[in-house]
Amino acid sequence: MNALLPDIATILPTLLGGLQISLTLTFFSLLFGLPFGMLFSFGVTADNKIFRYISVFFVEVGRGAPALVLLQLMYYGLPNVQITLTSLVSACLALVWTTAAYTAELIRGGIQSVPHGEIEGSDALGMSVRDRLRFIVIPQGMRIALPSLMGFAVLLFQATSLAYTVAVPELMSQAYSTGSSTFKYLPAFIAAGLLYAAISIPATWLSVLTEKRLSRHL
Amino acid sequence: MQMLQAIAVGLPLTILVTILALAIGTVLAIPLVAGLRSGNRLVWLLTRGTIDLLRGIPPVVWLFILYYGVSIGALRMSALQAAVIGLGLVAAAYLAEIFRGAIGSVHQGQWEASSALGFRTGTAWGRVIGPQAWRTAIPAYTTYGIGLLKDSSIASTIGVAEIVFMSNQYARQSGEGILVFFIAAGIYILLSMPLGMLSRHLDTKMRKAVAR
């Protein structure tokens with residue numbers, strides 16, 4: 001037990017490279033996932049049937065299926081249809097899907113809570129639909145959705161730990177290989193856990209703080 | 001058909017892991033809520049720290065710590081034990097937050113009325129505050145339960161033979177990955193749909209009972 005702390009201290013720095021990959025994976029999933037989330041948030045209520053069905057499919061499967069299943073689907077499944085991707089790209093695709101599906105609902109919630117008077121106001125001013133979305137509805141809706149989107153980003157960062165199952169050399173897989181080569185499983189996983197916590201706990205505080213700041217005038 | 005059978009073999013363990021983890025989480029959430037409501041600053045800080053740590057570390061890390069790291073003498077946990085305890089601990093932290101919010105939403109006047117009627121603390125909790133808080137908590141509680149059903153798939157990483165584990169095995173031997181995992185996804189969606197409907201039904205029923 002008393003050998004645990006020095007072990008953790010020696011393993012911790014060797015895992016930083018893995019943490020970097022985890023963070024990169026989170027960043028790209030958000031970068032590509034959020035625009036799709038926005039698109040689907042309009043898609044699920046769109047008049048165009050094809051657009052609506054496609055959006056509902058991606059949102060329902062993305063939210064209904066575990067991220068782990070999507071990861072394996074992309075990694076083991078896509079080669080069936082003659083698409084072979086590197087593990088990092090396929091993990092990214094799966095997490096983009098998850099991100100788009102969850103954020104679609106969060107963004108839709110934000111946009112629906114924009115007061116109706118705002119829309120009537122922009123109508124009265126003779127704004128086109130595009131201008132109304134761009135200047136009135138989306139900025140206010142995103143502001144309302146921001147804290148929950150930040151909360152989701154933390155969960156997404158944690159979900160990148162599942163990418164180790166498809167051989168992405170991120171934090172969890174680095175900890176596992178350290179553990180299996182030295183048989184120091186416990187310190188390796190505790191070190192990984194501490195690194196995850198060091199990012200996600202302050203990030204959670206930040207999202208709570210943002211929520212408080214944004215609801216100050218309410 | 002053969003594929004569906006191969007995957008469905010994992011169904012009982014998926015349900016077992018979900019139910020046991022939810023049960024452990026619900027029971028352990030109660031002392032955590034008590035800690036969060038405690039007037040003692042030190043107790044509050046310790047509880048807050050525990051909850052933040054449980055939620056700040058991904059479930060898969062907890063499962064690995066318990067499965068590979070913890071040994072009592074020569075005894076190691078089985079994969080199922082590690083999965084249920086690990087997911088249960090994480091669930092306790094999330095459920096504690098849900099319960100805390102629900103208890104906080106019960107109007108202060110209900111406490112005052114209970115003490116005015118001379119109820120003991122136990123009676124006030126059991127008869128007045130508890131039932132009202134539970135009503136508020138139900139939608140969030142079932143939502144978390146559905147989330148836990150999906151999180152139970154993480155148990156496959158340490159070798160619990162649930163749906164994802166069986167799908168993985170079948171995908172490897174048959175080479176039909178895309179179909180296998182779509183079916184697995186479909187099973188999770190089918191499982192969570194009745195839970196979602198139950199949650200909405202309970203919610204509207206409870207709302208009717210409260211709204212007068």
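For the reader, a short list of remarks on this structure follows.
- Number of residues in region A:156-183 that are buried (at least 21 other Cβ atoms within 10 Å of the Cβ) and either at positive phi or charged (D, E, K, R) (or both) equals 1.
- Of the residues making up region B:170-185, those that are part of a helix (DSSP H, G or I) and without any contact (Cβ under 8 Å) to a residue 12 or more places away in the chain are B:Ala171, B:Arg172, B:Gln173, B:Gly177, B:Ile178, B:Phe182, B:Ala185.
- Here is the figure for region A:199-216: residues that are under 17 Å from the mean Cα position of the chain (by Cα) and either more than 16 Å from A:Gln158 (Cα to Cα) or among the aliphatic types (A, V, I, L, M) (or both) total 4.
- In this structure, A:Val208 does satisfy being of a type outside the set (Ser, Thr, Tyr), surrounded by fewer than 17 Cβ atoms within 10 Å (Cβ to Cβ), within 12 Å of chain B (Cβ to nearest Cβ) and within 30 Å of A:Leu12 (Cα to Cα).
- For region A:19-66, residues that are part of a loop (DSSP other than H, G, I, E, B), in contact (Cβ under 8 Å) with a residue 12 or more places away in the chain and either among the hydrophobic types (A, V, I, L, M, F, W, C) or crowded, with 22+ Cβ neighbours inside 10 Å (or both) total 1.
- A count restricted to region B:66-81 and to residues that are more than 12 Å from chain A (Cβ to nearest Cβ) and touching a residue at least 60 places away in the same chain (Cβ under 8 Å) stands at 2.
- Residue list for region A:110-163, restricted to those being away from chain B (no Cβ under 14 Å) and of a type in the set (Gly, Ala, Ser): A:Gly110, A:Ser113, A:Gly117, A:Gly121, A:Ser122, A:Ala124, A:Gly126, A:Ser128, A:Gly141, A:Ala145
- Screening B:Thr157, B:Thr123 for residues that are among the polar types (S, T, N, Q), over 18 Å from the mean Cα position of the chain (by Cα) and closer than 23 Å to A:Leu156 by Cβ leaves exactly one candidate, B:Thr157.
- Filtered residues of region A:72-112 (kept if at pLDDT below 90 and closer than 15 Å to A:Gly33 by Cβ): none
- Taken over region B:4-34, the criterion of being at pLDDT below 95 and touching a Leu at 6+ places or on another chain (Cβ under 7 Å) is satisfied by no residue.
- Test: residue in region B:145-153 that is surrounded by fewer than 19 Cβ atoms within 10 Å (Cβ to Cβ) and farther than 13 Å from B:Leu4 by Cα: yes
- Under the condition of being of a type in the set (Phe, Trp, Tyr) and more than 9 Å from chain A (Cβ to nearest Cβ), the residues counted in region B:25-65 number 1.
- When the residues of region A:101-131 are filtered to those that are assigned to a loop (DSSP other than H, G, I, E, B) and not hydroxyl-bearing (Ser, Thr, Tyr), the one that is surrounded by the most Cβ atoms within 10 Å (Cβ to Cβ) is A:Val114.
The values are calculated or read from the model by the stated rules, or taken from the named source; none is laboratory data. Bear in mind that the values here come from a model prediction, so they are computed numbers and not experimental data. Backbone-built Cβ (ideal geometry, glycine too); neighbour counts: all protein chains shown.
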